[in-house]
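Peer 1: Below is a structure I'd like to ask you about.
The values are calculated or read from the model by the stated rules, or taken from the named source; none is laboratory data. Since the model is a prediction, treat every value here as computed from it, not as a measurement. Here the Cβ positions follow ideal geometry from the backbone for every residue, glycine too, while neighbour counts run over all protein chains shown.
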Amino acid sequence: MKLELPRLGHRATVCPDGLTAVAALEKNTYDCIIVDLDMPGLDGIGVIAKCKETSPGTEAVVLTGKSSLDTAIAALRHGAFDYLTKPCRLIEIEALLKRVTEKKLLEQKFRALEHQVRRLEGAPRLIGNTPSMQKVRMLIERVAPTGSTVLILGETGTGKELVARSLHDHSNRAHMPFVAINCGALPETLIESELFGHRKGAFTGADDHRVGLFEVAHGGTIFLDEIGELPKAMQAKLLRVLESGEIRRVGENKPVMVDVRVVCATHRNLPEMVASEDFREDLMYRINTFEIMLPALRERIEDVPELARHLLVRHRRGKDADAGIAEDAIIALCSHVWPGNVRELANVIEHATILCDSGPIRREHLPSRFDSRQLVGAARQKPGIMTLRELEMEAIHDALERHAGNKPKAADQLGISLKTLYNKLNQTATPEKAA
């Protein structure tokens with residue numbers, strides 16, 4: 001086995017007795033151990049018991065010349081994966097190791113699904129038909145089939161994880177795990193263990209062997225959200241993983257090869273962080289092979305009605321979802337600047353569905369900051385001389401208030417077309433451009 005298993009693609013460690021095997025298990029992690037039942041120092045059953053305690057993810061195979069049913073049952077009761085009798089052919093061992101590999105792949109997929117099941121609610125959809133969103137879709141279609149590292153930029157709440165998921169689903173890794181982690185949500189002392197895993201006893205509180213998220217994502221995609229929050233020490237370790245494809249579990253010396261596609265995201269300005277020495281320049285260039293910039297919601301106000309209806313269907317889960325959103329509520333939503341982007345819109349729609357038991361959502365179901373009277377009152381209380389744009393918007397809000405949010409009637413009163421009214425409202429939601 002020492003000579004032949006490496007030829008078949010396996011790494012083999014040979015131990016002369018049971019105690020040496022246990023010591024090896026305490027230093028490194030193995031996918032499988034093959035043990036004899038009769039060994040000096042510690043027999044095979046004892047090694048299996050220690051293995052399950054130290055490294056529960058390692059499978060055990062018993063190889064013995066005693067083809068007794070009792071010994072086979074004893075080995076299986078102690079957690080052995082299978083039982084072979086000597087003499088056995090190499091092809092039998094090869095087939096058994098293949099089964100071990102297949103089992104570990106299934107467990108890996110299960111862990112990834114378990115990790116994501118609370119996050120996902122159906123297939124991801126990028127809502128919106130503005131030119132900026134059409135460009136995002138085009139970039140996803142072009143880069144998804146490649147293995148390139150992608151950096152997604154955009155303000156908080158713009159949907160960066162949704163883009164990462166879409167990249168995964170349109171790649172040749174779609175059948176493998178997609179694992180997301182927020183780098184800014186973990187304590188600095190735990191992030192290495194979370195990403196790369198650890199051995200039992202590697203540090204205080206490490207009561208069990210833990211598989212890191214890079215291993216969980218093996219063959220698939222790992223999404224590192226808010227990578228700008230990654231501590232400097234971890235930035236160096238991540239760079240090494242990206243360049244070598246090897247991870248090292250906390251408390252282990254043996255590297256583990258992983259095959260993952262890395263997608264990163266941040267709302268931070270990485271060049272500024274590099275200039276202030278808060279982010280490694282070499283890592284910035286390594287993760288920025290391909291860049292996708294997500295627009296803020298205020299830059300695509302035309303997508304708000306469609307987004308709002310999509311979120312309404314999701315929150316109502318089909319119950320009275322066809323009732324939709326009334327025109328006065330749509331006007332209020334399109335008049336908002338949306339500093340919290342799509343995440344804020346989702347919260348607003350959830351707030352409205354709680355207040356609106358049935359029928360369409362109206363302006364009164366929205367949070368108080370969407371009250372048109374407050375908007376008009378705020379404009380009137382501004383000190384000094386009002387600009388033409390402010391006067392224009394005050395007239396628009398007055399007309400909308402007078403006609404209870406009826407946009408066609410408000411446009412008739414103002415002597416403008418319905419399209420012009422929409423454009424004026426959209427311009428209000430993008431004050432930076434108007435300035």
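Peer 1: Would you check if GLU4 is under 24 Å from PHE196 (Cα atoms) and surrounded by 12 or more Cβ atoms within 10 Å (Cβ to Cβ)? Before you say what the answer is, go through the steps one by one.
Peer 2: Details: under 24 Å from PHE196 (Cα atoms): no; surrounded by 12 or more Cβ atoms within 10 Å (Cβ to Cβ): yes.
No, not satisfied.
Peer 1: Could you say whether any residue in the stretch 10-28 is touching a residue at least 40 places away in the same chain (Cβ under 8 Å), touching a strand residue (DSSP E or B) at 6+ places or on another chain (Cβ under 8 Å) and within 21 Å of LEU106 (Cβ to Cβ)?
Peer 2: Looking through the stretch 10-28, none of the residues is touching a residue at least 40 places away in the same chain (Cβ under 8 Å), touching a strand residue (DSSP E or B) at 6+ places or on another chain (Cβ under 8 Å) and within 21 Å of LEU106 (Cβ to Cβ).
Peer 1: If a residue must be basic (Lys, Arg) and over 25 Å from ARG199 (Cβ atoms), how many such residues does the stretch 32-90 contain? Steps first, answer last, please.
Peer 2: Taking the stretch 32-90 first, the residues basic (Lys, Arg) are 50, 52, 66, 77, 86, 89.
Cutting the leftovers down to over 25 Å from ARG199 (Cβ atoms) gives us 66, 77, 86, 89.
Here the count works out to 4.
Peer 1: Only residues that are farther than 24 Å from GLN108 by Cα and either in contact with a Phe, Trp or Tyr (Cβ under 7 Å, 6 or more places away or on another chain) or small (Gly, Ala, Ser) (or both): list them for the stretch 236-274, please.
Peer 2: ALA236, ALA265, LEU270, MET273 - these are the residues of the stretch 236-274 that are farther than 24 Å from GLN108 by Cα and either in contact with a Phe, Trp or Tyr (Cβ under 7 Å, 6 or more places away or on another chain) or small (Gly, Ala, Ser) (or both).
Peer 1: Taking the condition assigned to a helix (DSSP H, G or I) and farther than 30 Å from ALA411 by Cα, does ILE330 pass? Break it down stepwise before answering.
Peer 2: Working: assigned to a helix (DSSP H, G or I): yes; farther than 30 Å from ALA411 by Cα: no.
Taking the combined requirement at face value, the residue does not satisfy it.
Peer 1: Does the stretch 99-120 contain any residue that is aliphatic (A, V, I, L, M), in a loop (DSSP other than H, G, I, E, B) and modelled with pLDDT of 90 or more?
Peer 2: No, the stretch 99-120 has no match at all.
Peer 1: Tell me yes or no: at least one residue of the stretch 59-77 is assigned to a helix (DSSP H, G or I) and touching a helix residue (DSSP H, G or I) at 6+ places or on another chain (Cβ under 7 Å).
Peer 2: To start, the set of residues in the stretch 59-77 that are assigned to a helix (DSSP H, G or I) comprises 69-77.
Narrowing further to those that are touching a helix residue (DSSP H, G or I) at 6+ places or on another chain (Cβ under 7 Å): 74-75.
Yes.
Peer 1: Under 24 Å from ASP169 (Cα atoms), in the same structural domain as LEU162 (by TED's automatic domain parsing), charged (D, E, K, R) and surrounded by 15 or more Cβ atoms within 10 Å (Cβ to Cβ): does that describe ARG248? Step through it out loud before you land on a result.
Peer 2: Numbers: under 24 Å from ASP169 (Cα atoms): no; in the same structural domain as LEU162 (by TED's automatic domain parsing): yes; charged (D, E, K, R): yes; surrounded by 15 or more Cβ atoms within 10 Å (Cβ to Cβ): yes.
Judged against the criteria, ARG248 is not a match.
Peer 1: Hey, another quick one. Could you grab me the full set of residues in the stretch 397-423 that are part of a loop (DSSP other than H, G, I, E, B) and within 14 Å of ILE330 (Cα to Cα)? Break it down stepwise before answering.
Peer 2: Initial filter on the stretch 397-423 (part of a loop (DSSP other than H, G, I, E, B)): 403-406, 415-417.
Across the stretch 397-423, the qualifying residues are ALA404, GLY405, ASN406.
Peer 1: I would also like to ask the following. Being of a type in the set (D, E, K, R) and surrounded by fewer than 16 Cβ atoms within 10 Å (Cβ to Cβ) is the filter here, so list the residues in the stretch 53-89 that pass it.
Peer 2: Across the stretch 53-89, the qualifying residues are GLU53, LYS66, ASP70, ARG77, LYS86, ARG89.
Peer 1: Find the residue count for the stretch 78-98, including only residues that are charged (D, E, K, R), part of a loop (DSSP other than H, G, I, E, B) and under 29 Å from LYS27 (Cβ atoms). Before the answer, list the steps.
Peer 2: Residues of the stretch 78-98 charged (D, E, K, R): 82, 86, 89, 92, 94, 98.
Subset that is part of a loop (DSSP other than H, G, I, E, B): 86, 89.
Filter again for under 29 Å from LYS27 (Cβ atoms), leaving 86.
Result for the stretch 78-98: 1.
Peer 1: Where residues in the stretch 8-45 are in a helix (DSSP H, G or I) and touching a Ser or Thr at 6+ places or on another chain (Cβ under 8 Å), which of them is surrounded by the most Cβ atoms within 10 Å (Cβ to Cβ)?
Peer 2: For the stretch 8-45, the residue satisfying everything is GLY44.
Peer 1: Follow-up. Check the stretch 168-177 and report whether any residue there is part of a strand (DSSP E or B) and either surrounded by fewer than 17 Cβ atoms within 10 Å (Cβ to Cβ) or under 13 Å from the mean Cα position of the chain (by Cα) (or both). Before you say what the answer is, go through the steps one by one.
Peer 2: Narrowing the stretch 168-177 to residues part of a strand (DSSP E or B): none.
No, the stretch 168-177 contains no residue that is part of a strand (DSSP E or B) and either surrounded by fewer than 17 Cβ atoms within 10 Å (Cβ to Cβ) or under 13 Å from the mean Cα position of the chain (by Cα) (or both).
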